[in-house]
1. Take the conditions modelled with pLDDT of 70 or more, more than 39 Å from the chain's Cα centre (by Cα) and closer than 30 Å to Arg435 by Cα and apply them to Ser506. Does it pass?
2. Take the range 103-132 and flag every residue that is among the small types (Gly, Ala, Ser) and either modelled with pLDDT of 90 or more or over 30 Å from Leu401 (Cβ atoms) (or both).
3. Anything in the range 244-267 that is more than 12 Å from Ile414 (Cβ to Cβ) and touching a residue at least 12 places away in the same chain (Cβ under 8 Å)? List them, or say none.
4. Determine which single condition Arg276 fails, assuming it passes every other condition in (1) part of a loop (DSSP other than H, G, I, E, B); (2) in contact (Cβ under 8 Å) with a residue 40 or more places away in the chain; (3) closer than 13 Å to Ile225 by Cα.
5. Scanning for something at pLDDT 85 or above, out of contact with any Lys or Arg (no Cβ under 7 Å at 6 or more places or on another chain), over 15 Å from Lys172 (Cβ atoms) and of a type in the set (Lys, Arg), does the range 8-24 turn up at least one residue?
6. For Leu76, are the conditions met, namely being crowded, with 19+ Cβ neighbours inside 10 Å, part of a helix (DSSP H, G or I), out of contact with any Cys (no Cβ under 6 Å at 6 or more places or on another chain) and not basic (Lys, Arg)?
7. Quick check on this structure: which one of Lys143, Lys100 is of a type in the set (D, E, K, R) and either modelled with pLDDT under 95 or part of a loop (DSSP other than H, G, I, E, B) (or both)?
8. Looking at the range 41-72 only, could you name the residues that are modelled with pLDDT under 85 and either crowded, with 18+ Cβ neighbours inside 10 Å or more than 17 Å from Thr184 (Cα to Cα) (or both)?
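The values are calculated or read from the model by the stated rules, or taken from the named source; none is laboratory data. What you see is a predicted model, and the numbers here were worked out from it, not measured in a lab. Quick reminder, even Gly has a Cβ in these numbers, built from the backbone with ideal geometry, and neighbours come from all protein chains shown.
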Amino acid sequence: MSIFTDIKDLKRIKNIVSVLLKYELGYFLEKLDLRKYLRFSKRLQSKEFSKPDSIPKRLRLVMEELDGSFIKLGQLLSLRPDLVPKEYCEEFSRLQDNIKPLDFRQIKSIIEDEFKIPLNKIFDSFDKNPVASASIGQVHKAKLKTGEIVAVKVQRTGVKELFEADIDIMHKLASLLESNIPETRIYKPTQIVKEFEEYTRKELDYLIEARNIEDFYKANKDKNIIIPKVFWNYTKNKVLTMEFIDGKKISEVKKFSEVNSYEKIVMKNISSSMMRQILEYKIFHADPHPGNILLLWDNKIALLDFGIVGRLDQKLAEKIENVFISLMKPDSNLLASSLIDLNFVDKNIPQKELKKDLSEHLSKYYSRSSKEINLTEAFYDLFEIARKYEMQFPDGFTLLLKSLITIDGLAKRIYPDFNFIEELKPYTDKLIKKRSSTRYLLSSIADTLFEFRSGFSKAPEEIRRTIKAVQSPKVKIDIEDADIKKFVIELDRSSNRVAFGLIIASLLIGSALMFAAKLPPYIYDLSLLGIVFIIASLFVTLILMVSIRKEGRFKK
């Protein structure tokens, strides 16, 4: 096969092919024409392969054996139920790094190479044995010269080079899958690899993770949630130094009472933190699995590993708020509209069919009490519908839902009676109240007018570009139909009426808001500005009526 020409690629692809055959995934070797990369003896033994069962589990085992980048790919896919089915997400969530820790001499060499000074000149003491080890880096406990106890995260030697080699192969395999196995196109293999490459490049730069931690540290207002402090003077691209937090992974805690904590309160603190991250801070932890959450004393928790975080701009946040409101009301029409509004793929989605599917799939949740609702099941149903209509949501939205699914799964593990839906209600009630406030309405009108003004100011330039394009010798327009002129006149009249109508509506809404806000000065307990807006709307209405009447006479 010509696409695997590089010598390093060739060696690695032979390794991948061998592992696929080991876990009885020869069907894919056949379809992708990769049998030629098997050892000669294996080629002679192997017969025609049939499609196996338990593919998610077999793929998980393949990723575990291939290690490194392939484990990271599986872990990322476990966060993306919008890209792969539920059974794959659940299987890939079991992937764990089984990496042998680097020898201390290697760690010492990496740190000294980054800082260009001896290790003992940086730290007062440095534990040789790591407290945690993963595919990209490992963490050591240390003490600074200034006395602070810190956690030092050090990137493993050769990780970047191995990633570069593996990502090249992944791109080629993804292309082969889409070309030779059409049914895989719905899962967008090439897009998956592209996103994986983007995420991993960010994870390989510890300065990016340090900035994520810093943003969380500054935004966090919850006393029950601890975010480690970054020590910037001791942080480089391959070394991240942060405050050492003494706690235990929440998944390893057998008795919460031993640290004066209670499962229900801890879950309430975790879910409350997640909602505040989404709705207030607009930045949230994208992978809050049990291994990234430490339980401290008195129901407090600490969040770790900020390599992947979700960020929401104001517009995306408001669209996501609409989804929350529609789910909790419940309102399938609003939910369909909200999902379509989130979808950034330029294609027409049959709204009637989408609303019907949403009603059929989600009606079973609407008829239940909040205690009976399985949040994870509901979100996976939502992603199944999205895949059916080929909707591609923003990363922030899909990471957000996966974070909520992860928290819901954690609740089932440590406190099965915890009701996540009940915890969501106060926040959605607060959202609805906020949307009804005068301040929010005024702010929305101001934003809309600003966007209209911005678009209107660009109109002359856009018109000039259009005229220039039309005048180009490459563009030829031949109009002979006289009715076109009539159409243009009618279009001009109609647009004028629409403009008048918008002005009238804006004035009336503004008047109502002035009266509701009771803005001074007053006349007979009524806002003077509101009265002015009403008079102005009547004047514009009169102009519009006179214009319409004149047009009627002209036609006669």
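1. Details: modelled with pLDDT of 70 or more: yes; more than 39 Å from the chain's Cα centre (by Cα): no; closer than 30 Å to Arg435 by Cα: yes.
In short, no.
2. Ser109, Ser125, listed by residue number.
3. Phe244, Ile245, Asp246, Gly247, Lys248, Val259, Asn260
4. (1)
5. yes
6. On the way: crowded, with 19+ Cβ neighbours inside 10 Å: yes; part of a helix (DSSP H, G or I): yes; out of contact with any Cys (no Cβ under 6 Å at 6 or more places or on another chain): yes; not basic (Lys, Arg): yes.
So Leu76 passes the test.
7. Checking each option against the conditions leaves just Lys100.
8. Ser41, Lys42, Arg43, Leu44, Gln45, Ser46, Lys47, Glu48, Phe49, Asp67, Gly68
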